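Here's the structure, in structure tokens; my notes come after.
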Amino acid sequence: MAVTELGHAAVSSGWRKKVADAASPRVAGRTPVAERHVRTAIGLALFAVSVVYVVRTLRGAAAG
């Protein structure tokens, strides 16, 4: 799976899709970055936040 596919998969449904749909065109219109790259960046950021949350939860559970 390519990085762009991972980013797009992270914003494929639910509230994440709504955020990406609203933010991507606005950011792309104000910067020289393509909308698909903005969408990928949003997806990767949300994915990273999710991973951090899961790791912290697992550490807390392991600590007792």
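The values are calculated or read from the model by the stated rules, or taken from the named source; none is laboratory data. Just so you know, these numbers come straight off a predicted model, no measurement behind them. Here the Cβ is made from the backbone with ideal geometry for all residues, glycine too, and neighbour counts use every protein chain on show.
Odds and ends about this structure:
- Within the range 6-25, residues that are touching a residue at least 24 places away in the same chain (Cβ under 8 Å) reach partners that are surrounded by 11 or more Cβ atoms within 10 Å (Cβ to Cβ) and among the charged types (D, E, K, R) with beta carbons closer than 6 Å, at six or more positions or on different chains, in the pairs Val11/Lys17.
- Among the residues of the range 1-22, those identified as buried (at least 16 other Cβ atoms within 10 Å of the Cβ) and either of a type in the set (A, V, I, L, M, F, W, C) or modelled with pLDDT of 95 or more (or both) are Ala10, Val11, Ala20.
- Taken together, the criteria place Ala62 among residues that are loosely packed, with under 13 Cβ neighbours inside 10 Å, modelled with pLDDT of 90 or more and in a helix (DSSP H, G or I).
- Some residue of the range 32-40 being assigned to a helix (DSSP H, G or I), aliphatic (A, V, I, L, M), on the phi < 0 side of the Ramachandran plot and surrounded by 10 or more Cβ atoms within 10 Å (Cβ to Cβ): yes
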